[in-house]
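Novice: Before we start, here is the structure in question, set down as structure tokens.
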Amino acid sequence: MLMPRTGGVYSPPAGTKGTPNTTIQSVPYNTWVDDLTADANAARPITAGGTGATSASGARTALGLAIGSDVQAYDAGLQSIAGLTTVADRMIYATGVDAYATTALTPFARTLLDDADAGTVLTTLGVSPYIQFLLNDADSATARATLGVTIGTNVQAYDADLAAIAALISAANKLPYATGTGTWALTDFTAFARTLLDDADASTALTTLGVSTYGKSLIDDADAAAARATLGLGTAATQNTGTSGANVPLLNGNNTHSGTNIFTGSVSVDAAGDRAFYYRSAAGVNRTVTYHDNAAEAFVISLRDTSGVGIRSLTLFQGGNIQWGGNTVWHAGNDGAGSDNDAGKFAGQLPTYYTDIPSRLGYTPVQQGGGAGQGTNKVYVGWSASGLKAQVDVTDLGKIWTDSLAGGAPSSGWVKFPSGLILQSGSTVVSTNASADGSISFPSAFPTACTSVVGVGGDTTVPSTDLKIGALTTTAFNFRAPGAASTPVRVNWIAWGY
């Protein structure tokens, strides 16, 4: 039987303690030892400084320290918080894993934290109901509608052309024009140009340009023949200048002739001394010289060698004698009349043979070169499969521009220039649609592209500053006349392209 504990305190049983000079009894002694052994191996009660438990968990429970119910389990984050020093108007926040610090928590911030919903928070922040309505929009399009800036209704949609125009610095008498895709620049737009653009029709525009009534009748001609008739020109006006064929020669300067020239009239060579014609080789060497010898009163034909040195001459004297190499071959009284040696013949032909040389050639010769500032180059003019072409020496000048290569006429609303530029104009009445948009077709389609159109309203209902030119094609252009929706408007326009 174990020794009893009173109030958890162990007390030995009576008779256990030894008495001096008295024999210890084995039974009580052994019982006491067993008690001590059992007590040492039993859970020590709290009153004896123990926990009354045989495990750590049981000990904590016996001591009222059960983790998770009586005390907080250890946590690194809580340990970090425990290490903070708190003061008024501060709150804790995580700075990392299980790491905390403090930051300010003002009275105003606390008024946000006690708000029941987002609307109350926005009201606390001073956000007006209108802005709260804006912040509640589901997307950017709805937000723009709330702000009254709907693209295409309230504000202009972004356009590269409009951005380029907006970047220009406007100035008096300047006009924006496109220099490429989405690029614009300014050019001069004089008061005179504006007087031209506000003209109601082509005739008024020509008057503004200073073209007389006669000039209008000329540029209104439908073809070259009509223009020549207006100018009072004859058939010679249709002939080209050149060196062969039915061409008109230029005889107002020195000329080098590469072919045969026939003159049916008189040719005068005026000079104070001997008058001569030189026949030169390609190297410029005088091979034959014909001249009038004033002193001998004779006409001389002098033949030269390849070095230009005289070999022999044929001399026709005014007195009637003829010398060949210094020998007389004919003189009065021995003219061989009636034979092939008849003095009246030249190269076996009587003088009447040489009275109409052009008719024998079949064309009127044209003088080549020799004019003011002209050289002695050889000029070629001829017909090719692509048209009339010209060449100087070995340099090909390409096609010669003629009326047949041009096109149009002012009266038809378009004109084509030698460079390939096509200019079209018109004064057109168009009924706009409900958006004040309209379209005008060109008198003739541009072969490649229309590059620009300038237009103004021709009626007082469409001020010129309000007319907007839109898309351009080879056949037409679009425009907008703000303030003139669903109504006929007159548009005076000029277009150019190629």
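Novice: In Å², and per residue, what accessible area does segment 1-135 have when probed at 1.4 Å with the other protein chains present? Could you put the intermediate results ahead of the total?
Specialist: Working: 9760 Å² over 135 residues.
Per residue, segment 1-135 has 72 Å² of solvent-accessible surface.
Novice: I'm a student and want to see the number: the projected area of the Cα convex hull of segment 89-184, averaged over all directions, in nm². Numbers along the way, then the final one.
Specialist: Values: hull surface 52.7 nm².
Averaged projected hull area, Cα only: 13.2 nm².
Novice: Here's a follow-up. Work out from phi, with θ = phi - 60° and the Karplus expression 6.51 cos²θ - 1.76 cosθ + 1.60, the ³J(HN,Hα) of each residue of segment 195-211, listed in order in whole Hz, and give x for Gly and Pro.
Specialist: Whole-Hz 3J(HN,Hα) from phi for segment 195-211: 5, 6, 6, 8, 5, 7, 8, 4, 4, 5, 5, 5, 4, 4, 6, x, 7.
Novice: Which length gain, in nm to one decimal place, applies between residue 282 and residue 69 when the Cα-Cα distance is subtracted from 0.36 nm times their residue separation?
Specialist: 63.8 nm
Novice: With θ taken as phi - 60° and the coefficients 6.51, -1.76 and 1.60, list the Karplus ³J(HN,Hα) couplings across segment 307-323 in order, rounded to whole Hz; mark glycine and proline as x.
Specialist: For segment 307-323, the Karplus-derived couplings read 9, x, 7, x, 9, 7, 9, 10, 10, 10, 8, 4, x, x, 7, 10, 10 Hz, x marking Gly and Pro.
Novice: Starting from the Cα coordinates of segment 26-128, work out the convex hull volume and express it per residue in Å³. Kindly include the intermediate steps, with their values, before the conclusion.
Specialist: On the way: hull volume 17.3 nm³, N = 103.
Hull volume normalised by residue count: 168 Å³.
Novice: Run the simple label-point estimate for residue 137 and residue 395 please: 7 Å along Cα→C-beta, distance reported in nm.
Specialist: Here the modelled spin labels are 6.9 nm apart.
Novice: Spelling out what I want: for every residue of segment 171-179, take phi, set θ = phi - 60°, compute 6.51 cos²θ - 1.76 cosθ + 1.60 (Karplus), and round to whole Hz; glycine and proline get x.
Specialist: Listing the rounded values in order: 8, 4, 6, 10, 9, x, 8, 6, 10 Hz.
Novice: Here's a follow-up. Hey, can you rank 174-180, 64-70 by average C-beta count inside 10 Å, highest first?
Specialist: Packing proxy ranking, top to bottom: 174-180, 64-70.
Novice: Please work out how much length the chain gains when fully extended from residue 201 to residue 111, using 0.36 nm per residue of separation minus the C-alpha to C-alpha distance, in nm with one decimal. All intermediate terms of the calculation are to be shown ahead of the outcome.
Specialist: Working: separation 90, 0.36 × 90 = 32.40 nm, distance 7.61 nm.
Length gained between residue 201 and residue 111: 24.8 nm.
Novice: Hey, rough spin-label estimate for residue 237 and residue 476, points 7 angstrom out along Cα→Cβ, what's it come to in nanometres?
Specialist: 4.0 nm
Novice: Suppose every Lys and Arg Cβ carries +1 and every Asp and Glu Cβ carries -1, with no other charges. What dipole size does segment 62-155 come out with about its Cα centre, to the nearest 20 debye? Present the calculation step by step, with values, prior to reporting the outcome.
Specialist: On the way: 3 positive and 9 negative charges, 57 e Å.
It works out to roughly 280 debye.
Novice: So between residue 38 and residue 167, what do we pick up on full extension, going 0.36 nm a residue minus the alpha carbon distance? Walk me through the intermediate numbers first.
Specialist: Numbers: separation 129, 0.36 × 129 = 46.44 nm, distance 10.41 nm.
Extending this stretch completely gives an extra 36.0 nm.
The values are calculated or read from the model by the stated rules, or taken from the named source; none is laboratory data. Worth saying up front: this structure is predicted, and the values here are computed from it rather than measured. For neighbour counting, all protein chains shown are included, and Cβ atoms are generated from backbone atoms with ideal geometry for every residue, glycine included. Side chains included, ligands, DNA and RNA excluded: accessible areas come from the protein's heavy atoms. Shrake-Rupley method; radii C 1.70, N 1.55, O 1.52, S 1.80 Å.
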